[in-house]
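Q: Got a structure for you, questions after.
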Amino acid sequence: MAFRHGSRVTEAPTSLMTPVVATAALPVVFGTAPINLAKTTEHVNKIVVAYSFDEAQAALGYTDDWKNYTLCEAMDAAFRLFNVAPVIFVNVLDPEKHNETSKEVVPVSNKKAIAKAKGILLDTLKVKTAEESAELKADEDYVVSFDDDGQVVIVPLIQADKLYIEFTRLAPEKVTANDIIGGSDVNTGKLQGLELLNAVFPKTGMIPGLVVAPKFSKDPMVAAVMKAKASVVNTYFRAASLSDIDTAVADVYTKANEWKNQNNYTGSNEFLGWPLLGLGEKVYHYSTQLAFRITKTAAENGDFPHVSPSNQPLQMTKMLNDAGDEIDLGPDQAELLNSQGITTALNFMGGWKCWGNRTGAFPASTDVKDIFIPVRLTHNWIANTIILTTWGKVDGPVSRRLIDSILDTMNMWFNGLQSRGVILGGRVEFKRENNPKADLIGGKIRFNYYVAEPTPAEDIENILEFDPTYYNNLFN
């Protein structure tokens, strides 16, 4: 020890930590995008974080052709309908893999020629004035751009009545369930599809809360992988998957439950919706609007996920099946779907509302943390926050100081959540019986967390009784 003489002060680290709060309901959307319309075509199997429609459009492109480009549906719902951010997008449409070469003869009218094909990759476009003539030079012999419908517009700077064009176009119809499921490239180790869920936190510092794949989630294999990946993100974190019932098969509400059970859409972290939702000419998958309804509801309640999305507004004017037939549901029919663990929409009081609190695990499961959507979301969020907050203590010396630091921090956090109404109560304990000496010597310590989240007031019974004693008021 060095020799000291005098008075001095040293600083010790604060024993009470600040909780690192996990993102309550961060949506991660997997699908296809018209990247030929983007500023660059590089965003293939990459994480794109967008805080606005313009950001998403610049990175991924946009078109109203949602049947082929499913991420555009999510962009529209997130930023135009519900106005929530951030949203994470993963495009699996690869122009090197999902493409098709083609030719066209395009007439020149009003000094411009408009190609019929969509999805044309401009860097592959070849323009000629005749089939056997020399290729024209861009910006010298013609200029090219996209119109609002995503079609190529060629303006010749030379005399021409028609143009012969060759090109490679995106072929979104070639994207399969396997592309959404993805995996790891054997040669490069690059992650693809749903495997990229594990790259979200290391890359962005945000934990996925909701996993969505419009259109593709009605494929049982895709839904099964979504459910599995969401339950164990980066080994430690938890998320929920949002899936759709196939309305081509379950075209009426009485078929929805049979389809759900036959295809095993019964996960405790799986939220299942039926049918399709229409707004004017646009058609949304239920999972798309449910995802951003959940995100917006959390944002409206302090970024806490304890409030149910049920009985909250959806952006729609009608319900549809895959054939385009309009669907009408009354409260009793919607209640039947809810009793089967299926969320739907109801236009009964105050316009169109999300209707249903139950996860796919209901009614087979009776565990409260597994059958209510807001309880499941809050449970996931609390678990993720515990990991984030206590991770900094890993590899610290096993001491009373470390134990008290975790106990004090997390108990104060629970008290704060209780005062805000996020939970009914919560506590953390360090129990002797759960921490034998052999484990402590081996560097293992255990904390027991106890928490109770509020369940949604799903059934309010008001008992009305005739009271004849009030006839005495006639004599007052």
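Q: Hey, got a sec? Which GluC sites (Glu not before Pro) in the stretch 97-149 land in a DSSP loop and have at most 14 other Cβ atoms within 10 Å? Provide the component values of the computation, followed by the final result.
A: Values: sites: E100, E104, E131, E132, E135, E140; in loops: E131, E132, E135, E140.
Here the GluC sites (Glu not before Pro) that fit, given the DSSP loop and packing criteria, are E131, E132, E135, E140.
Q: Can you give me the three principal axis dimensions of the stretch 288-354 from its C-alpha atoms, in Å, biggest first?
A: That works out to 38, 23, 22 Å along the principal axes.
Q: Any idea what the dipole of the chain comes to, in debye rounded to 20, about its Cα centre with Lys/Arg Cβ at +1 and Asp/Glu Cβ at -1? Please list the in-between numbers first.
A: On the way: 45 positive and 57 negative charges, 431 e Å.
With only Lys, Arg, Asp and Glu charged at Cβ, the dipole is about 2080 debye.
Q: What ranking of D467, D65 emerges when the number of other C-beta atoms within 10 Å of each C-beta is taken as an exposure proxy, fewest first? Can you show the working numbers first?
A: Values: D467 6, D65 16.
Fewest to most other Cβ atoms nearby, the residues stand as D467, D65.
Q: Normalized C-alpha radius of gyration of the stretch 132-174, against 2.2 N^0.38 Å?
A: Compared with the compact-globule rule of thumb, the stretch 132-174 sits at 1.36.
Q: Once amide H atoms are built 1.01 Å from N in the peptide plane, which residues 5 or more positions from R358, or in another chain, come under 5 Å H to H?
A: I373
Q: What angle, in degrees between 0 and 90 and rounded to the nearest 10, separates the Cα long axis of helix 400-419 from the longest principal axis of the Cα atoms of the chain?
A: Once rounded, one gets 70 degrees.
Q: Another question, then. How many percent of Cα pairs in the stretch 399-476 exceed 16 Å?
A: Working: 2057 of 3003 pairs.
Across the stretch 399-476, Cα pairs with separations above 16 Å total 68 percent.
Q: Sticking with this one: What is the fewest-to-most order of L417, L194, L402 by other Cβ atoms lying within 10 Å of their Cβ? Intermediate values should be presented prior to the final figure.
A: On the way: L417 22, L194 25, L402 15.
Fewest-to-most ranking of L417, L194, L402: L402, L417, L194.
Q: Sticking with this one: Under 28 Å from the Cα of K260, which lysines turn up, not counting those fewer than eight places away in the same chain?
A: Hits, sequence-local ones excluded: K67, K174, K215, K218, K227, K229, K282, K296, K318, K353, K369.
Q: On a 0 to 90° scale, report how tilted helix 286-300 is relative to the longest principal axis of the chain, with both axes built from alpha carbons and the result rounded to the nearest 10.
A: Helix 286-300 and the main axis of the chain meet at about 50 degrees.
Q: By count of other Cβ within 10 Å, fewest leading, how are S241, S231 ordered?
A: By the 10 Å Cβ count, ascending, the order reads S231, S241.
Q: Per Stokes-Einstein, at 20 °C and 1.002 mPa s, what whole-number D in µm² s⁻¹ belongs to the stretch 23-93, with the Kirkwood radius over Cα pairs as the hydrodynamic radius? List each step's numbers first, then the result.
A: Numbers: Rh = 11.7 Å.
Answer from the Stokes-Einstein relation: 184 µm²/s.
Q: So, one more: State, to one decimal in nm², a quarter of the convex hull surface area for the C-alpha atoms of the stretch 99-170, i.e. the direction-averaged projected area. Mind dumping the intermediate values first?
A: Numbers: hull surface 17.5 nm².
With every direction weighted equally, the projected area is 4.4 nm².
Q: What Rg and what Dmax come out for the chain when only alpha-carbon atoms are used, in angstroms?
A: In order Rg, Dmax, the Cα atoms of the chain give 28.1, 107 Å.
Q: Could you sort 210-222, 41-53 so that the peptide with the highest average Cβ count within 10 Å comes first and the rest follow in order?
A: On the way: 210-222: 25.0, 41-53: 17.0.
Those peptides, ordered most packed to least, come out 210-222, 41-53.
FYI, it's all coordinate maths here, none of it is from the lab. Keep in mind the model is a prediction, meaning the values are calculated, not measured. Cβ atoms come from the backbone with ideal geometry, glycine included; neighbour counts cover every protein chain shown.
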